[in-house]
1. Which FRET efficiency value, to the nearest 0.05, do you get for B:Leu156 and B:Asn218 by plugging their Cβ-Cβ distance into 1/(1 + (r/R0)^6) with R0 = 22 Å?
2. Quick check: net charge around A:Leu62, other residues with Cβ under 12 Å of its Cβ, Lys/Arg +1 and Asp/Glu -1?
3. Determine the calculated [θ] at 222 nm for chain B from helices alone, applying -39500 (n - 2.57) to every DSSP H run no shorter than 4 residues and normalising by the residue count; nearest 500 deg cm²/dmol.
4. Of the DSSP beta bridges with both residues in the protein assembly as shown, give the percent that are antiparallel, rounding to the nearest 5.
5. What number of lysine-lysine pairs in the range A:80-200 show an alpha-carbon separation below 19 angstrom, given a sequence spacing of 8 or more or placement on distinct chains?
6. Tally Lys/Arg at +1 and Asp/Glu at -1 over every other residue whose Cβ is under 14 Å from the Cβ of B:Ser327; what's the total?
7. Based on DSSP H runs of at least 4 residues, each adding -39500 (n - 2.57), what is the mean residue ellipticity at 222 nm of chain A after dividing by all its residues, to the nearest 500 deg cm²/dmol?
8. State, to one decimal in nm, how far the label point of B:Asp282 lies from the label point of B:Glu91, with both points 7 Å from Cα in the Cβ direction.
Amino acid sequence: MADLQKLYEAVLNGDNKTAVAVTREALAENADPIELIQKYMIPAMAEVGKRFECEEYFVPELLLSARAMKGALELLRPLLAERGAEPTGRVVIGTVKGDLHDIGKNLVASLLEGGGFEVTDLGADVPPEKFVDAVQARNANVVCLSALLTVTMPAMRTTIEALKNAGLRDRVKVLVGGAPVTPQFAKEIGADGYGENASVAVNLARDMVKASSHA
Amino acid sequence: MPDSVFRRMAAEGARIPLAVDLVLHEQPDPEAILTDGERLGRVLEAHAFRYGSPAAFPRMDLRLEKRDLLQRLGLAGDEADTYHFLAPPPEEAVARVRDGAPGAFLPAHQAHFDSIRYIAEATSLFPVGMTIGPFSLATKLVADPITPVALAGRGLAADDDESILLFERCLEMAEATVARSIRAQLDAGARAVIFCEPSANAVYLSPRQLTAGSDILNRYVVQPNLRLRSLLDKAGAAWFLHDCGELTDSMVKILGETLHPAVLSLGASRCLWQDAALVPEDVVLYGNLPTKTFYSDAAMPVERVAELAGQLAEKMKARGRPFILGSECDVLYVPEAAAAIRRKLEAMVAA
């Protein structure tokens, strides 16, 4: 019998190899993939988030845990698709036009995937129309915009305006983040939320999806 | 000694933001100037004149060395800024870079050197060069630099995980590329060089691992920088280390003590009057007003800038440590907010 507590610990400790091995073993024994996710993997990531918030964990630990979660999820994804299981939400993410920085954006994307979201990562230096196209094509309910430079922050506003002009603004929530971005700036440009760090961004995205599904 | 220039500036209460980009964009054709060394040199001169600086600081462009490395390998072309190595570069490519494959510099890089030459030859200003640091350059060469560094921090080696091999080969090429850039700047007359290592921070290097005794900060940041520093030492040039990333106290202590730069420039998240106790007494601290928020009057009103500048200057004076009041990083030109940013830099200097 696969020791599923080891799956929890592997995700918590960012041990990709063990996470994949235990998941594979569990699946060979016909374990329920949804149970693996809900009982072991999501609680492990929640604990990772808590440890990050209290500065016991840092970004590298966060990333290693997300990697372990992703490794296990890749084995589960085909089974989830067969069952028609819906992702937590559909996110389109990218660094806005003119900005080539993608580390923060990559981290948020990894954690979102680890959190069960279907993520479309558009990369860096993404023009507004590409966000619009991706939201339409993927039927996204959250858009995450990243910028590291003060010079490129105005592109967040133009991206939000492009979503409005395309008639998509009411059906997607927009989250912004990056070193120079402030909650005030997020408000000024009409974003729905500001992610101070990757962990906060994922929690916000989850809350937004929940709130809109109850609306 | 070049170090004494910065100490003298500190003793005289210098207040100098790194704001060449703003001055550059006051010109009608900033893009053209970026490939014209003499005109770029005049912009550096104008910046020094505006802020009463005896040193001519350069414009921060941390893309130059990456473009140089890739063009010498015949990779990427116009895509250089977004290019990442997806697999470990072959040993021959690393050797070619390490052994100094010849090749002209790209026009913007050459203009950077020529602007230093202009300062050295046509003005009485103290010429300062700038380069990205080797660790920060290596992080720009791979799509995910955090994972290999974190795995190495757990004690894994290049043989255990290909991502570590990829990162270490990129770091080796980065060090050689930065060395080539430094040599060109010294040849052009630089008497100090600013090393920008913004990636040497708690995002890329886990404080948890460092506390547990990992050697990644030493191996990936300190040692490559020390080897490059020897180029400056041989040329009698001063070393100015800039790291505006999130740092822990122990990281600041290690950077200050082990690298022992003439000037240490830190980001706005640090409290400089407390950091003064962490670094050797002869290190001039530079910074660290939160200039990244100057674009916004709501987030950073001009009165607050004056208040922060006054407070920082006063507290550093009370500490009795050499200090130059400045920006947390390069102050970038933001078209919609240029006037607000200039107003705040004026307030910072006048406070």
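1. 0.85
2. Working: positive: A:Lys50, A:Arg51, A:Arg67, B:Arg208; negative: A:Glu47, A:Glu53, A:Glu55, A:Glu56, A:Glu61.
My count for the surroundings of A:Leu62 gives -1.
3. Dividing the helical sum by the residues of chain B leaves -14500 deg cm²/dmol.
4. So the antiparallel bridges amount to about 0 percent of the total.
5. Lysine pair count for the range A:80-200: 10.
6. +2
7. -17000 deg cm²/dmol
8. The answer from the label model is 4.3 nm.
Since every read-out is calculated from the coordinates, none of them should be taken as a lab result. The structure presented is a predicted model; accordingly, all values stated were derived computationally and were not measured. Cβ sites come from the backbone with ideal geometry, for glycine too, and all protein chains shown count toward neighbours.
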